[in-house]
Amino acid sequence: MPQITVIEHLLYHQKESPMATGRFTRLLSEMILSGKIINQEVNKAGLVEILGLTGETNIQGEKVRKLDEFANQVLVHRLQQAGVLCALASEENADLILVPEDCPRGDYIIIFDPLDGSSNIDANVSIGTIFSIFRRISTGEEPVTLNDVLQKGARQVAAGYIIYGSSTMLVYTTGNGVHGFTLDPSVGEFLLSHPDIKIPERGKIYSVNEGYWHYWDQATRNAVDYFKNPDNDSKRVYRSRYIGSLVADFHRNLLYGGIFLYPADTKDPACSHGKLRLMCEANPLAMIVEQAGGMATDGINRILDLQPKELHERVPLVIGSKLDVLQVEKFMRAGAASGA
Ligand code: FBP
């Protein structure tokens, strides 16, 4: 396969859309550079004073890790001065981050989870950066408001993630399929390694934290139970795989086929609507999985059709191979109908 860099890939696809101005390529270049800087720090985390906690607690009520904070600072700094954004939102920041007066601005809005799976950082488990890109709604001199950001996922113009694992990969979509690029450390470039990724229609893997079984409603239990003995058909065995790092679990299922679930549960009031964030986790991964032929729901409703009400709202997430997600929907609808 000819060695195509991600920027060449972007420029090639940019030609296909007459409206293209190069501003999107500029934005993604800043995301890519930020990813390379974060990757450097992640790779040598055990050698430099960057493991462990900062002592702060973030808007999610989570203890902030030093690498989380580092990744967030790199992204905010690089993206704010990119000249193509009017606002940013981070999982680590309670409020919208506006572009300073003295910086050139644009119409794009980016929402990101600087380091997903951060609870796994110190144990050298794959983690990732997730991003979602919209165009602002308001026009002209009007100030950018939350209304510009709280758009349905279906209005995303692009989404992607960078996974820092055995190799570092960028996976993104602009609505023209899903493409994966692997970072070649010897040239410092993300090179096309997984063109036009398609997720198998039915998987062989289910990923869910079964440690929360006792906090699930009956419909959720029935759905998860299904993957342990699908249609009593011993030939169809699903393997259980749960890394506890959303990007890593999602990426594996995207390539191999499978389903990831983070249902609502009663273990913690904060998780009564699931743990994962709609804007910076569910929406971008939902756009990617749909572009790869898969599906993403909150158990019943399409994630990309959900109207966000808050920047950090949580949502139950069922995502992956289409036939597996539809299977879960059957149980959730039956549960909703019977009030189980
Ligand atoms: P953050 O690290 O970005 O807060 O992400 C949340 C997360 O770590 C996901 O990556 C993962 O899927 C989930 O939480 C694991 O949660 P749990 O430990 O409850 O299974």
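The values are calculated or read from the model by the stated rules, or taken from the named source; none is laboratory data. Because the structure is a prediction, the values reported are computed rather than measured. Neighbour counts run over all protein chains shown; Cβ positions are idealised from the backbone, glycine included.
Brief remarks follow.
- Residues within segment 81-118 that are in a loop (DSSP other than H, G, I, E, B) and more than 12 Å from the ligand (Cβ to nearest atom), tallied: 17
- Test for Phe250: is it within 11 Å of the ligand (Cβ to nearest atom), in a helix (DSSP H, G or I) and not assigned by TED's automatic domain parsing to the domain that holds Leu170: yes
- Listed conditions (1) under 17 Å from Thr168 (Cα atoms); (2) at pLDDT below 95; (3) aliphatic (A, V, I, L, M); (4) in contact with a strand residue (DSSP E or B) (Cβ under 9 Å, 6 or more places away or on another chain) are all met by Ala45, apart from (4).
- Annotation note: of Ile50, Ile121, the sole residue that is within 10 Å of the ligand (Cβ to nearest atom) and touching a Lys or Arg at 6+ places or on another chain (Cβ under 7 Å) is Ile121.
- Tally, over segment 169-192, of residues that are within 19 Å of Val42 (Cβ to Cβ) and of a type in the set (S, T, N, Q): 2
- Reported count of residues in segment 292-340, each being under 18 Å from Ile205 (Cα atoms) and basic (Lys, Arg), is 1.
- Which listed residue is of a type outside the set (Ser, Thr, Tyr) and assigned to a helix (DSSP H, G or I), from Gly244, Gly211: Gly211
- Answer from Asp305, Asp225, Asp249 - the residue that is surrounded by fewer than 21 Cβ atoms within 10 Å (Cβ to Cβ) and either free of Cβ contacts under 8 Å to residues at least 60 places away in the same chain or within 24 Å of Val125 (Cα to Cα) (or both): Asp225
- Looking only at segment 187-201, and only at residues there that are assigned to a loop (DSSP other than H, G, I, E, B) and crowded, with 17+ Cβ neighbours inside 10 Å, the one that is farthest from the chain's Cα centre (by Cα): Pro200
- For segment 254-283, the set of residues classified as under 23 Å from Leu323 (Cβ atoms), away from the ligand (no atom under 12 Å from the Cβ) and not in a loop (DSSP other than H, G, I, E, B) consists of Leu254, Leu255, Tyr256, Ile259, Asn283, listed by residue number.
- Just one residue in the set Ala292, Ala286 is small (Gly, Ala, Ser), more than 14 Å from the ligand (Cβ to nearest atom), more than 26 Å from Glu62 (Cβ to Cβ) and modelled with pLDDT of 95 or more; that residue is Ala292.
- Selection of segment 102-120 for residues being under 29 Å from Ile50 (Cα atoms) and of a type in the set (Phe, Trp, Tyr) yields only Phe112.
- Subset of segment 124-168 [charged (D, E, K, R) and in a strand (DSSP E or B)]: Arg135
- Residue match in segment 134-141 (condition: surrounded by 24 or more Cβ atoms within 10 Å (Cβ to Cβ), on the phi < 0 side of the Ramachandran plot, away from the ligand (no atom under 16 Å from the Cβ) and among the hydrophobic types (A, V, I, L, M, F, W, C)): yes
- Being in contact with a strand residue (DSSP E or B) (Cβ under 8 Å, 6 or more places away or on another chain), farther than 20 Å from Glu329 by Cβ and either modelled with pLDDT of 95 or more or not assigned by TED's automatic domain parsing to the domain that holds Asn72 (or both) is a property that Val237 lacks.
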